[in-house]
Structures are given as C-alpha cells and as structure tokens.
C-alpha cells in the first residue's frame, strides 16, 4: 500500500519544524536583518564622514572667510544626514548584539566591537563636533573669529578620530557578514531540512 503524497508532505513539514524551532528561525531572521541594516547604515555613515574629511583637508589652504562660508554650507543640511545614519546604525548594532550574545562563535564579539566603535563615534560627535558646529553657524563670513584656525584644527582632529572609529565599525560589520556560522549552528539548521527530505521518500513497507 502506497502512502499518499500529502501524508509525506505533512511528515516532512513536521520533521522540519522539530529540527528548527520557530523561535530559532525568528531569531535567525532578526540576526540577518540586523546584520544587513548595520552593514548598510554604518557603511553609509562611514562614507559620509570620509567625504567630509576629504573636503575639510582641502579647505586647509584657504583663508578664514572661505573656510567659514563652506562650513556654513556644510552645516545647512549635512548634519541632518548624520542624525539619521548614526542612530540607525547604533540601533541595528544593538539589536545584533542582543540576538547573538548568547550564541557561540565570532559574530557576537564582532557585533560588540562594532557597537563600542559606534558609541565612541557618537561620544566624540556629541562632546566636540556638535558644539563646534553650533558655534560655527553663528560665525560671520566677513569677520570670522580671531581663533578660527584653532577651532578648525580642533574640529578636524575630532572628525578624523570619529571617521576612523566609524570606518573600523564598518570593517567589523563586513567581517561579521563574511564570518560563517559555527559548525553546531550549521548542523542545527541543516538537520531539519535533511531529515524532511529523507522522510518524503516512501519506505518499502508503505509501498506494499
């Protein structure tokens, strides 16, 4: 007697669910989404900071009035981009830490490293960059303050530091993305599918 295909399908689905519980599948989905979001937002933010760093380096040979005018153009809308990308990267990284902290393997340590680096970027921004930005918005292009060069140098040093930490965070995310899952996790993920495929084949007793 041959078992109908529908019964094999039900057995296969049941075995697959037993080998890969719903909670684990949900956690794995969240991990993948958080990793993708962190990679995307940290990459965009690091690229943004790097572009600003190159622009600032090119401004060093210009006088105070030119520097002040360009800075005020930068501050018109570029800060809006930073206030979107950095919090999004921090949120994605924190989520990745939460879903991987109890798992074996390197990804949890890479996620923690990326979180620390992004937090360092945030702290540098809040303590140095943002206060100077606020002050520079009130500068006069025709009469910049006498200590403008000292303020410029302080901002650029802080920006170099936060660009470095942001780039390192992005590189850490790239490393996490290409790091294979631990052998145990791969076996657990593959066990349900392999068992389901085996159970879909009718046994000799079922065919008789």
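The numbers here are math on the coordinates, done by the rules we state, and not lab data. Keep in mind the model is a prediction, meaning the values are calculated, not measured. Neighbour counts are summed over all protein chains in view; Cβ atoms, including those assigned to glycine, are modelled from backbone coordinates with ideal geometry.
Structure above, values below:
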| quantity | calculated |
| --- | --- |
| Residue count, region 138-174 (criterion: surrounded by 12 or more Cβ atoms within 10 Å (Cβ to Cβ) and outside any helix (DSSP H, G or I)) | 4 |
| Residue match in region 124-134 (condition: touching a residue at least 24 places away in the same chain (Cβ under 8 Å) and assigned to a loop (DSSP other than H, G, I, E, B)) | no |
| Region 88-108: number of residues that are buried (at least 16 other Cβ atoms within 10 Å of the Cβ) and free of Cβ contacts under 8 Å to residues at least 12 places away in the same chain | 1 |
| Failed item in (1) surrounded by 15 or more Cβ atoms within 10 Å (Cβ to Cβ); (2) closer than 30 Å to residue 24 by Cβ, with residue 85 passing the rest | (2) |
